[in-house]
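One structure is given here, and the rest of the page talks about it.
The values are calculated or read from the model by the stated rules, or taken from the named source; none is laboratory data. Quantities reported herein were computed from a predicted structural model and do not represent experimental measurements. Cβ placement follows ideal geometry from the backbone for every residue including glycine, while neighbour counts extend to all protein chains displayed.
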Amino acid sequence: MKPALSTEELSAWVRLSLEPGIGPAHARRLLTAVGLPQAIYAQPAAGLARLATEALARQLKSPPGDSTRKAIDDTLDWLGGAGHHLITLADPSYPPALLDTHDPPLLLYVNGNPALLSKPIIAMVGARNASAGGLDNAQAFARYLATQGWCIASGLAAGIDSAAHQGALQAGPAGGGTVAVLGTGIDVVYPPQNRELAHQIAEHGALVSEFPLGTRAVRYQFPKRNRIVAGLARGVLVVEAARQSGSLITARLATDMGREVFAIPGSIHSPLSRGCHALIRQGAKLVESGQDIHDELGAPKTGTDDGAALAAAAPAPAAAASAPTPPLHRVEHDLDPAHATVLSALGYDPVHLDILQQRTRLDLATLNSRLLSLELDEIVTRLDDGRFQRR
């Protein structure tokens, strides 16, 4: 539903968000003191002088510059597109969870269904260079939780974020949907390889950004994106993360906001498990299945067929409980690309042969031959139940 705002009011909101020298916190102070943005620009110079420096007061009383005027016009044109929305801080449909944070954005650009922003949301984040098992876990958890009625929020990054969005979309129209929070303008897809995924989310979920149209990917913007991901959610699930990871920033922001933090444990040999294990040591809830999250947060809705939902996503494998294994044989670092591909697909958790074949897309004879070679080199071992695991 498009906001019923006049062109004048929309223009004032966009201009305020773009004003040089006025950050979101200062803009909120002005709004608190004066009212809506158009009232700020209608203030006499003497009134503005009590709220801002002399130079800033003159700026607010002057017409917008050419670049600001163009940005306003571009935004108004963009709003004419199907599914395009601009939610202001004063809009009744502004997400209540985000409004409750200490630093809510002035504006939210939305491409898709804005109602999803006010649904019960679980955020899922993790490594960009995720393992095959991590991607499977992210997709399975997201699919299960979305089937149960949760909306899945993430950041459209490569790796775990993408898998979480894909899993939520697999739950179909009856699922909770998915929200992708961008670290760019709403009209810029980053990374570019996620363009098709972004189109699917815009059609069946929602893309969200606080940044003006045309804003390109810059490193410092992603922590700002992460605070929105955390702010929208009741809880944040970290699937895989190294010790130095942006996902841990999201988890810390969630903790600061009073949100629950969950983490999936992994192999003690995987560097992508160390961030999750650190979070668990710091008090994050260890989860092995979507039911663990339900036990902590409760279900967002009733009447769901639990049996069908449980079948929609298998629980993630728990961390190995056996004694630590010896360090990997040095020959692993000298593998040819063919064997390295199999090892990469194997990940760090036990995997059945049919799953490994799906990941590698190799014929069975070739896959068995490469696995045997890895076994002989003491890099891979075959478990008693027929699964394969790194040594």
- Query: So which residues in region 61-98 are over 15 Å from residue 212 (Cα atoms), touching a helix residue (DSSP H, G or I) at 6+ places or on another chain (Cβ under 6 Å) and in the same structural domain as residue 27 (by TED's automatic domain parsing)?
  - Reply: 61, 64
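Where in region 5-51 are there helices (runs of 4 or more DSSP H), lying wholly inside it, with at least 3 residues that are at pLDDT 90 or above, surrounded by 20 or more Cβ atoms within 10 Å (Cβ to Cβ) and of a type in the set (A, V, I, L, M)? Before you say what the answer is, go through the steps one by one.
Values: elements: 7-18, 24-34, 37-42, 45-49.
The qualifying helices (runs of 4 or more DSSP H) are 7-18.
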- Item | Residue pairs meeting the criteria (Cβ under 9 Å; at least 6 apart or on separate chains; first in the same structural domain as residue 197 (by TED's automatic domain parsing), in region 152-175; second acidic (Asp, Glu)) | 154/161; 155/161; 159/240; 160/240; 163/136
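Any chance region 109-127 includes a residue that's outside any strand (DSSP E or B), more than 20 Å from residue 16 (Cβ to Cβ) and touching an Asp or Glu at 6+ places or on another chain (Cβ under 6 Å)?
First, pick out the residues of region 109-127 that are outside any strand (DSSP E or B): 113-120, 126-127.
Cutting the leftovers down to more than 20 Å from residue 16 (Cβ to Cβ) gives us 113-120, 126-127.
Narrowing the set further to residues that are touching an Asp or Glu at 6+ places or on another chain (Cβ under 6 Å) leaves 126-127.
Yes: region 109-127 contains one or more residues that are outside any strand (DSSP E or B), more than 20 Å from residue 16 (Cβ to Cβ) and touching an Asp or Glu at 6+ places or on another chain (Cβ under 6 Å).
Every residue in region 134-175 that is polar (S, T, N, Q) and in a loop (DSSP other than H, G, I, E, B), please. First the steps, then the outcome.
So in region 134-175, the residues polar (S, T, N, Q) come out as 137, 139, 147-148, 154, 162, 166, 170.
Passing the criteria: only 148.
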- Taking residue 333 and the conditions (1) in contact with a strand residue (DSSP E or B) (Cβ under 7 Å, 6 or more places away or on another chain); (2) at pLDDT below 95, which numbered condition does it fall short on, given that it satisfies the others? (1)
- Message: Can you confirm whether residue 57 is loosely packed, with under 13 Cβ neighbours inside 10 Å, outside the structural domain of residue 233 (by TED's automatic domain parsing) and at pLDDT below 95?
- Response: no
- Item | Cβ-Cβ under 8 Å pairs, at least 6 apart or on other chains, region 93-116 side in contact (Cβ under 8 Å) with a residue 40 or more places away in the chain, far side acidic (Asp, Glu) | 105/210; 106/210; 107/210; 108/210; 109/210; 112/203
- Message: Could you list, ordered by first residue, the pairs with Cβ atoms under 8 Å in which the first is in region 237-261 and at pLDDT below 95 and the second is of a type in the set (Phe, Trp, Tyr), at least 6 apart or interchain?
- Response: 246/222
- Residues in region 117-139 that are surrounded by fewer than 22 Cβ atoms within 10 Å (Cβ to Cβ) and of a type outside the set (Lys, Arg): how many? 4
